[in-house]
Amino acid sequence: MSEPQIVTIPCLSDNYAFLLHDPATGSTAVIDVPDHEPIIAELDARGWNLTHILITHHHWDHVQGVDQLKAAKGGTVFGCGADANRLPALDVRLAEGDRFEIGDLTVEVLDVSGHCDNHLAFVVPGAKAAFTADSLMALGCGRLFEGTPEQMWQSLSKLAALPPETMIYSGHEYTASNARFAATIDPDNPDLISRIAEIDKARAADQPTVPSNLAVELATNPFLRADEPDIAASLGLSDAPASRVFAEIRARKDKF
Ligand code: ZN
Ligand code: FE
């Protein structure tokens, strides 16, 4: 049996797009289109036909290449129906709980709003993958432009409940700066200390730090650890709800 393949494509200054390819059927999806040219080049280099274009959220750095990519390579465009008025033209309107197929792979749709309204994540259990864009990120999470801390905490909690072996494909290479911030919140966490050393090594070698493993995020990402009593206590928020602790961590990151 041939395993699904996922290719990480750097775009613009620090964005990532991803190709998800099902060898059994030849189906190929792209997740987000920050720029059409590098995606077309990767499809051509691999001889893959584009069948699906998945959009996580409306920000320009995730969607601006959609129309040109579709014109060049085809593909059915999937995105959040409730956000259709500010997304490129959708062929399929999605909402939380929807499922669809990419070849033999099932995709599950989660609403992970908080960074902006109507932000979707695409979970692909058959590839042990979750495409999270600017919700859960490697050692971080997206800034709250439209949502509330409670909403983002709820979104992160949905992702935290996925199987721990899930790989998190997030939308930007922000990990090194996220790591410097994480160390201010959780300085004595040995898993975080060793992860930061790995991140520094990867970035020095110009290697991407995305995707990352969910179990590692659960152990090291301060935004996912807002429900840890030690972290709440160190922020002077013992007995506060996790969403309140999350709000404090997010506010500190915004000023960092
Ligand atoms: Zn964004
Ligand atoms: Fe973004």
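A few comments on the model shown:
- For the criterion of being of a type in the set (D, E, K, R) and farther than 19 Å from Ala130 by Cα, Arg86 passes.
- Only a single item in (1) touching a strand residue (DSSP E or B) at 6+ places or on another chain (Cβ under 9 Å); (2) within 16 Å of ligand 2 (Cβ to nearest atom) is not met by Ala82, and it is number (2).
- Residue match in the range 170-185 (condition: buried (at least 17 other Cβ atoms within 10 Å of the Cβ), in contact with a strand residue (DSSP E or B) (Cβ under 9 Å, 6 or more places away or on another chain), in contact (Cβ under 8 Å) with a residue 60 or more places away in the chain and of a type in the set (Ser, Thr, Tyr)): yes
- Among the residues of the range 51-78, the one identified as within 11 Å of ligand 2 (Cβ to nearest atom), in contact (Cβ under 8 Å) with a residue 40 or more places away in the chain and among the β-branched types (Val, Ile, Thr) is Thr56.
- Residue within the range 104-123 that is within 13 Å of ligand 1 (Cβ to nearest atom), touching a residue at least 40 places away in the same chain (Cβ under 8 Å) and assigned to a strand (DSSP E or B) present: yes
- Matching option when the condition is away from ligand 2 (no atom under 16 Å from the Cβ), among the aliphatic types (A, V, I, L, M) and either touching a Pro at 6+ places or on another chain (Cβ under 6 Å) or more than 23 Å from Ser13 (Cβ to Cβ) (or both), among Ala205, Ala219, Ala176: Ala219
- Some residue of the range 204-220 being without any contact (Cβ under 8 Å) to a residue 12 or more places away in the chain, part of a helix (DSSP H, G or I) and more than 22 Å from Leu120 (Cα to Cα): yes
- Subset of the range 133-162 (residues that are among the polar types (S, T, N, Q), under 21 Å from Leu192 (Cβ atoms) and more than 13 Å from ligand 2 (Cβ to nearest atom)): Ser157
- Tally of residues being more than 15 Å from Val77 (Cβ to Cβ), surrounded by fewer than 24 Cβ atoms within 10 Å (Cβ to Cβ) and in contact with a strand residue (DSSP E or B) (Cβ under 6 Å, 6 or more places away or on another chain) across the range 107-117: 2
- Any chance Asp44 is in contact with a strand residue (DSSP E or B) (Cβ under 6 Å, 6 or more places away or on another chain) and either without any contact (Cβ under 8 Å) to a residue 12 or more places away in the chain or acidic (Asp, Glu) (or both): no
- Annotation note: of Trp48, Trp60, the sole residue that is out of contact with any Cys (no Cβ under 7 Å at 6 or more places or on another chain), away from ligand 1 (no atom under 16 Å from the Cβ), of a type outside the set (Lys, Arg) and modelled with pLDDT of 95 or more is Trp48.
- Glu150 surrounded by fewer than 21 Cβ atoms within 10 Å (Cβ to Cβ), acidic (Asp, Glu), touching a Phe, Trp or Tyr at 6+ places or on another chain (Cβ under 9 Å) and without any contact (Cβ under 8 Å) to a residue 40 or more places away in the chain: no
- The criterion of at least 2 residues that are over 18 Å from the mean Cα position of the chain (by Cα) is met, among strands (runs of 3 or more DSSP E) falling completely within the range 16-98, by 27-31, 76-80, 92-94.
- Single unsatisfied condition, Phe223 versus (1) in a helix (DSSP H, G or I); (2) surrounded by 15 or more Cβ atoms within 10 Å (Cβ to Cβ): (1)
The values are calculated or read from the model by the stated rules, or taken from the named source; none is laboratory data. Keep in mind that what you see is a predicted model, and the values were worked out from it rather than measured. Cβ coordinates were reconstructed from backbone atoms using ideal geometry, including for glycine residues, and neighbour counts include every protein chain displayed.
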